[in-house]
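Enquirer: Let me begin by handing over the structure; questions about it come next.
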Ligand SMILES: [Zn+2]
């Protein structure tokens, strides 16, 4: 006769196997030294910035609460997310119960698959839709992925011909970082949020309040920011970075207005998806002015009948160079193509 405890034991064993399979170490995690520098922005609130020893690309943030940890964005690959969790263990042994994706882009959501099924992954409904459909076939990720074999080949050649030992060692590190990233991308299983929102959601952890807010279309159609009103910090992903932001899936004509909604929140520190945390709110004005001018300038060139390729080289935003990293005339081709598609009503 099979007893209840035997049945429970068998179920427990099956469950243990399932969990073990989930938490298997992904390919491509090896690296030298720390992969992240943790910048403690407020008590229990950390900004995780890559050191360069592992490809992580975007920043993440994590919030250590009374009983758990919430991670905001999980980097470019399963390997990067796995190493992030390993390094978080050096700060706290509390479990990560919740992940928030600020948006669907690969450098913010490709670590989702390493989390156990009982971890809540929260994102905008649009983010879920994109991660369930065609996000890896879109140009932004395709350009990134298909460029890797060539980069690896190029690094190998440069290592072979490099005589200086210091330069050679640096190239060898770059090769290791790129090869590991490529190996991890091959194991990618797109994992969408399992909890979604469309406008706002609030998590409560003891005295901590964690607001997840959608402020309108901008960097994508579904970016959310994570706002801690008591700590006066906001985690902005790519909706607002410390410099320029990718425009491949953006709505440049709406972005500035959506940033106006961000300004209404009461915060003193921004933890962006790229670049260092900052307190200078004038950066928002500078970026809004840039976005408005990108839209106007590229639209003007399109009206003159020039191609998107030509508009990308001619669009002159150099008047913003004092406040943003702009070397000379031109915008990324992917940005010009996006604006053309929006103007033609062909953007998805
Ligand atoms: Zn992005």
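The values are calculated or read from the model by the stated rules, or taken from the named source; none is laboratory data. Bear in mind that the values here come from a model prediction, so they are computed numbers and not experimental data. Here Cβ is always computed from backbone atoms with ideal geometry, including for glycine, and neighbour counts include all displayed protein chains.
Enquirer: Go through (1) more than 16 Å from the ligand (Cβ to nearest atom); (2) over 23 Å from residue 230 (Cα atoms); (3) touching a residue at least 40 places away in the same chain (Cβ under 8 Å); (4) surrounded by 15 or more Cβ atoms within 10 Å (Cβ to Cβ) and name the single condition residue 117 misses.
Expert: The single condition residue 117 does not satisfy is (4).
Enquirer: From the residues in the stretch 188-206 that are closer than 28 Å to residue 27 by Cα and touching a helix residue (DSSP H, G or I) at 6+ places or on another chain (Cβ under 6 Å), which one is surrounded by the fewest Cβ atoms within 10 Å (Cβ to Cβ)? Write out each step before concluding.
Expert: Looking only at the stretch 188-206, we keep the residues that are closer than 28 Å to residue 27 by Cα, and these are 188-195.
Subset that is touching a helix residue (DSSP H, G or I) at 6+ places or on another chain (Cβ under 6 Å): 189-193.
Working: 189: 9, 190: 17, 191: 21, 192: 20, 193: 23.
Out of the qualifying residues, it is 189.
Enquirer: If only one of 75, 105, 47, 110 is within 18 Å of residue 228 (Cα to Cα) and in contact (Cβ under 8 Å) with a residue 24 or more places away in the chain, which one is it? Please lay out each step first, then the result.
Expert: On the way: 75 fails: within 18 Å of residue 228 (Cα to Cα); 105 fails: within 18 Å of residue 228 (Cα to Cα); 110 fails: within 18 Å of residue 228 (Cα to Cα).
That would be 47, the only listed residue that is within 18 Å of residue 228 (Cα to Cα) and in contact (Cβ under 8 Å) with a residue 24 or more places away in the chain.
Enquirer: Ok, one more. Does residue 103 satisfy the criteria of being farther than 25 Å from residue 32 by Cα, within 15 Å of the ligand (Cβ to nearest atom) and either assigned to a strand (DSSP E or B) or modelled with pLDDT of 95 or more (or both)?
Expert: So residue 103 passes the test.
Enquirer: Follow-up. Six or more apart or on different chains, Cβ atoms under 6 Å: show the pairs whose first residue is in the stretch 279-306 and within 19 Å of residue 264 (Cα to Cα) and whose second is assigned to a loop (DSSP other than H, G, I, E, B).
Expert: Close Cβ pairs (under 6 Å, with a partner that is assigned to a loop (DSSP other than H, G, I, E, B)) amount to 279/268; 286/323.
Enquirer: Looking at the stretch 140-151, I want the residues that are assigned to a helix (DSSP H, G or I) and have a partner that is at pLDDT below 95 and within 16 Å of the ligand (Cβ to nearest atom) with Cβ atoms under 6 Å, at least 6 apart or on another chain. Which pairs are those?
Expert: Partner pairs satisfying both residue conditions: 140/248.
Enquirer: Yes or no: the stretch 293-301 includes at least one residue that is touching a helix residue (DSSP H, G or I) at 6+ places or on another chain (Cβ under 8 Å) and within 15 Å of the ligand (Cβ to nearest atom).
Expert: No, that holds for no residue.
Enquirer: Please list, ordered by residue number, the strands (runs of 3 or more DSSP E) wholly in the stretch 168-272 having 3 or more residues that are more than 14 Å from the ligand (Cβ to nearest atom) and over 17 Å from the mean Cα position of the chain (by Cα). First the steps, then the outcome.
Expert: Numbers: elements: 195-197, 200-205, 208-214, 224-228, 233-237, 269-272.
Hits in the stretch 168-272: 195-197, 200-205, 208-214.
Enquirer: Mind telling me which of the residues 260, 309, 254 ends up being surrounded by fewer than 15 Cβ atoms within 10 Å (Cβ to Cβ) and under 24 Å from residue 135 (Cα atoms)?
Expert: Values: 260 fails: under 24 Å from residue 135 (Cα atoms); 254 fails: surrounded by fewer than 15 Cβ atoms within 10 Å (Cβ to Cβ).
Criteria check complete, one pass: 309.
Enquirer: Hey, can you tell me all the residues within the stretch 109-119 that are part of a helix (DSSP H, G or I) and out of contact with any strand residue (DSSP E or B) (no Cβ under 6 Å at 6 or more places or on another chain)? Step through it out loud before you land on a result.
Expert: Looking only at the stretch 109-119, we keep the residues that are part of a helix (DSSP H, G or I), and these are 109, 112-114.
Across the stretch 109-119, the qualifying residues are 109, 113, 114.
Enquirer: Considering each residue of the stretch 274-296, count those that are in a loop (DSSP other than H, G, I, E, B) and more than 17 Å from residue 232 (Cα to Cα), and give that number. Spell out how you get there, then give the answer.
Expert: As a first pass, look at the stretch 274-296 and keep what is in a loop (DSSP other than H, G, I, E, B): 274-277, 279-281.
Of the ones still in play, those that are also more than 17 Å from residue 232 (Cα to Cα) are 274-275.
Residues meeting the conditions: 2.
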